[in-house]
Amino acid sequence: YRQSWATQEGPIGRCQVCHAQPAVGLPGDTSYYFWHVHARSRPARSNQELVRVCAICHSNEKIQKSFELQDATASYLVSFHGKAMLLGGEETAGCLDCHVDELENVHVMRSHTQEGSPTHAGQLASTCRSTSCHPAAGKRVSSAAVHLDLATSRGVEFFIAILFVLLIIFTFGPSVLLTALEMFQVVFGRHAPDHHRRRTLAEQLLTHPLGRRALQRFSPHQRVQHWILVVCFTVLVTTGFPIKFADRPWAAWVIDLLGGLGTARLLHRWAGLLLILGFVYHLGYVAAQVWRLRRAAGKGWIQTLLDLPMVARWNDWKQLWHLLGYLLFLRRTRPAAGRFSLEEKFEYFGVFWGCALLGITGLLLWLHPQTTRYFSGRTLTVASLIHTFEAFLALLHVGVIHLIGVIFSPSVFPISPAMFTGQTPAEELAEAHAAMLDDAQDKVRGGLSAEVWP
């Protein structure tokens, strides 16, 4: 509605200030005259057609070398505006929207170094904040990169890209290696010498009421939080990655299936907001558990926080080294992990970090008018890069590592019941949570109550 008012009703209303006064003697039908001029001042071609026209020169290598130009067409297509255009967005900015003034001759396209050009440093903010683009944005919105080329850039954006490439290599890489080695053990049918005994113990404990409670790895409260995360993640991936890969044929098909680009954006934003609310709730949930455990144990705040089950300890790293030795056939036994292994703690930290990073950058992009009132428009460029790379990293870990562990692993196939019932199959308990089995056995023998988080 605001866009409609800014481009149609607003201009006509300004005309009517004078034209609606009979005493002035001006023509009264301003609506007709406005649209008579306006319709002829708009491009006759679509943005997609205009990009093809511009590409004739801007994507020509000989012309680029002769005039020392970058491939402006390619950099536009990977920008936010270009991706929206590829997915059928009719309101997104095209070449003429930025490079030609309103109602000006489209054939008089001036360089950004010429005064009076819409892309000149002194005029660019007004061009970006025109009534048809970002009228509510701050003046600094014009410093957001529209023609960013990461391959030739050496600014902060380039180093952010390098950082995330290294993160993918040194986080996803080791996870893939461990998963591949685990699958290798399955092919060979290899188990630790005490596997059969531990599996029998797990089956016996799962038949005992106290044993089942001691072996419950996830409470109903935690499982509800998990499924909210699953729904949000699925919607965000489904609506976000088609925009990221807008130049792929499947992207337009998915966007059309969702009801168009506008609907996809709306779903993405509300799913992101729900994810942020879920994250804030989880922070409160963890704080409540720390408060409860501190009062029960009489320890300090920091020590209580470090004692939480999802916090990695030095012993976890030693067990990881032990596990690597076992997977490489250098040890005969697996390490006896507790309720959560180091791999699971690492996944939890990744989700924790990802929710915070995606939430902050997503809000900066969604609330871009407010962002550019207080920060440089370059903040939007940096936020977009971080948001994209972090989403890709999250998809790699969840879509490959996590799904293999909870669906395709032989110990849980066709799917782990842990997030449905809270219970873990006996085979997985024997393989990956031997220390938890021993602890549960001690509690059953002693008749002790099992501690389970609410």
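Residues checked against (1) in contact with a helix residue (DSSP H, G or I) (Cβ under 9 Å, 6 or more places away or on another chain); (2) surrounded by fewer than 20 Cβ atoms within 10 Å (Cβ to Cβ); (3) at pLDDT below 90:
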site	(1), (2), (3)
Glu68	no, yes, yes
Ala74	yes, yes, no
Leu77	yes, yes, no
Met85	yes, no, no
Gly88	yes, yes, yes
Thr113	no, yes, yes
When Phe170 is run through (1) exposed (fewer than 12 other Cβ atoms within 10 Å of the Cβ); (2) not in a helix (DSSP H, G or I), the failure sits at (2)
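Condition test on Ser153, is it among the small types (Gly, Ala, Ser), more than 21 Å from Ala74 (Cβ to Cβ) and at pLDDT below 90?
On the way: among the small types (Gly, Ala, Ser): yes; more than 21 Å from Ala74 (Cβ to Cβ): no; at pLDDT below 90: yes.
Spelling it out, it is not the case that Ser153 is among the small types (Gly, Ala, Ser), more than 21 Å from Ala74 (Cβ to Cβ) and at pLDDT below 90.
Can you pull out the residues in the range 218-247 that are closer than 30 Å to Gln441 by Cβ and either of a type in the set (A, V, I, L, M, F, W, C) or crowded, with 21+ Cβ neighbours inside 10 Å (or both)?
As a first pass, look at the range 218-247 and keep what is closer than 30 Å to Gln441 by Cβ: 218-226.
Listed by number, the residues that qualify are Phe218, Val224.
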Pairs, please: C-beta under 8 Å, at least 6 apart or cross-chain, first residue at positive phi and in the range 109-128, second assigned to a loop (DSSP other than H, G, I, E, B)? Gly116/Arg110; Gly116/Gln123
Filter result (closer than 21 Å to Thr234 by Cα and in a loop (DSSP other than H, G, I, E, B)) within the range 414-449: Pro414, Ile415, Ser416, Pro417
Regarding Leu163, is this residue in a helix (DSSP H, G or I), touching a residue at least 40 places away in the same chain (Cβ under 8 Å) and at negative phi? no
Residues in the range 319-329: is at least one free of Cβ contacts under 8 Å to residues at least 40 places away in the same chain, under 19 Å from Arg217 (Cα atoms), of a type outside the set (Lys, Arg) and touching a helix residue (DSSP H, G or I) at 6+ places or on another chain (Cβ under 6 Å)? no
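For (1) buried (at least 19 other Cβ atoms within 10 Å of the Cβ); (2) touching a residue at least 24 places away in the same chain (Cβ under 8 Å); (3) not in a helix (DSSP H, G or I), each residue gets a yes or a no:
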site	(1), (2), (3)
Ala336	no, yes, yes
Glu343	yes, yes, no
Trp353	no, no, no
Ile360	no, no, no
Val382	yes, yes, no
With (1) out of contact with any Leu (no Cβ under 7 Å at 6 or more places or on another chain); (2) at pLDDT 90 or above; (3) charged (D, E, K, R) as the list, and Arg190 as the residue in question, which single condition is left unmet? (2)
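The values are calculated or read from the model by the stated rules, or taken from the named source; none is laboratory data. Everything numeric here is computed off the predicted structure, so don't read it as measured data. Counting neighbours? That spans all protein chains shown, and the Cβs are built from the backbone with ideal geometry, glycine included.
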